[in-house]
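Engineer: Sending over a structure as structure tokens; questions will come in a sec.
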Amino acid sequence: MNQKIAPISPFTAAIRLPGDKSISHRYGMFTALAEGSSTIHNYSSGEDCHSTLGAMKTLGAEITVDGTTVHVKGCGKEGLREASSAIDCGNSGTTMRLLSGILAGQPFTSELVGDESLSRRPMQRVMDPLRQMGAQLEARDGRFPPLKIQGSKLQAIQYATPMASAQVKSCVLLAGLFADGETTVIEPVKTRDHTELALREFGADIQVTGKEIRVRGGNTLTGRELQVPSDLSSAAFFLAATMLVPGSSLQISGVGLNPSRTALLDFLVSMGANIRIVNLNQVNGEMVGDLMVQYGKLQGGVIEKDMTALLIDEIPILSVLGAASEKGLILRNAGELRIKETDRISAMAKTLRLLGAEVEEFEDGYAIQPVKQFRAGKFPSFGDHRIAMSMAIAAIAADGESEIEEAECASISFPEFYATLESLRA
């Protein structure tokens, strides 16, 4: 499905966005592992997060979905059952990598499969530590899905992650729930800590000291009443929309503002964005607040080193803002983007050029020269939800009507995206 997007006039609006994807994935898994019943409010509507629910149902959890409210009767950590067929993770790398840690500690064999895109994404980074803990894993060509896991009694390890990855960290910590002793993960750069906060909320024995996280096996998780905050990564697109349309202002309510994620806001402010946080409070261990943003000229910036890891998911939309800024944007140390849903470095360089920007591509990033007026056109999404949504936001500031190819891929993370974007016209 292609989506036509016309330019938008200045707007003043207030919106609320779907639940945070990272937190929804974790709540979906942890409620299934918990003793007793749980209710999750504002669960993400994205297909990826529902792949997680489907996987946990296959493993024995009783799950019912009523809109964005999810009711879960947990199995307990020892109560998962062997799936009768391969567990389908869809397009969700988060589902496959985190679930691998859980399945490594089970007394049965599991097979994880995914769609064509996920089947091209390497899994060796989680296979290595799980093997060190005692699990047996097999993969196509030694690294790609399908992923076959022979669970076993696990041994605690101390593992220094070779790259900054919240998914790898989370996989090892989840395996640590089933291991004898205390499992320690040491990160090169502190990554988002939704797993640590959620495990603590469910009653796990988890300690954090700087970049070192320790979890003790054998704890019981207990069911909870949970509220998922709105997704900051989804909010990034609408913050950007406001910054691209002169005279606009926007309020986004109930957004998750976990300090490990707010590097996005820090970077936008460093570019010159006019953003305020109001009504800040804490819910289930997560910080939540409202974002107020007004249009203002952006100066540009540099994303490199530790900042790259903190902004990795938002780089497509930040690249669009860089192209619209006064001085452009430089991205380095982002080789990880070449193994996302598509090669995001190459794909974004191509689409930014279609907008009229000059882009010099590097192996680990690119340099974007600013363009005064985006050119309308027909933009490929490469089947990547973040690229589709980023180009749709660019299109609202173009010099005519544009078209996004394979636009439906946005539903992987944000099914309501186009409807929300159109609501700004009102």
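Engineer: So how strong a dipole does the chain carry about its Cα centre when Lys and Arg Cβ are +1 and Asp and Glu Cβ are -1, to the nearest 20 debye?
Structural biologist: 420 debye
Engineer: Express as a percent, rounded to the nearest 5, the fraction of DSSP beta bridges in the chain (both residues included) that run antiparallel.
Structural biologist: In the chain, DSSP labels about 70 percent of beta bridges as antiparallel.
Engineer: What FRET efficiency do you get for Ser346 and Lys211 if R0 is 35 Å and r is their Cβ-Cβ distance, rounded to the nearest 0.05?
Structural biologist: Rounded to the nearest 0.05, the efficiency is 0.65.
Engineer: By average Cβ neighbour count within 10 Å, what is the ranking of 85-95, 138-148 from highest down?
Structural biologist: Top to bottom by mean Cβ count within 10 Å: 85-95, 138-148.
Engineer: In the stretch 21-227, what % of DSSP beta bridges are antiparallel (nearest 5)?
Structural biologist: Counting DSSP beta bridges with both partners in the stretch 21-227, the antiparallel share is about 70 percent.
Engineer: Diagonalise the Cα gyration tensor of the chain and give the resulting equivalent ellipsoid semi-axes, square root of 5 times each eigenvalue, largest first, whole Å.
Structural biologist: 36, 22, 20
Engineer: Another question, if that's okay. How do the peptides 126-134, 99-107 rank, highest first, by the average count of neighbouring beta carbon atoms within 10 Å per residue?
Structural biologist: 99-107, 126-134
Engineer: Can you order the peptides 343-355, 313-325, 214-226 by their average number of other Cβ atoms within 10 Å per residue, highest first?
Structural biologist: Packing proxy ranking, top to bottom: 313-325, 343-355, 214-226.
Engineer: Regarding the stretch 312-413, what are the three Cα extents along the principal axes, ordered largest first, in Å?
Structural biologist: Per principal axis, max minus min of the Cα coordinates gives 34, 33, 16 Å.
Engineer: Using the count of nearby Cβ atoms within 10 Å as a rough guide to exposure, how do Cys75, Cys171, Cys409 rank from fewest to most?
Structural biologist: Cys75, Cys409, Cys171
Engineer: May I pose another question? First measure r as the distance between the Cβ atoms of Glu182 and Glu225, then evaluate 1/(1 + (r/R0)^6) with R0 = 30 Å and state the FRET efficiency to the nearest 0.05.
Structural biologist: Efficiency, from the Cβ-Cβ distance: 0.55.
The numbers here are math on the coordinates, done by the rules we state, and not lab data. Bear in mind that the values here come from a model prediction, so they are computed numbers and not experimental data. Positions of Cβ are backbone-derived with ideal geometry, glycine not excepted, and every protein chain shown enters the neighbour counts.
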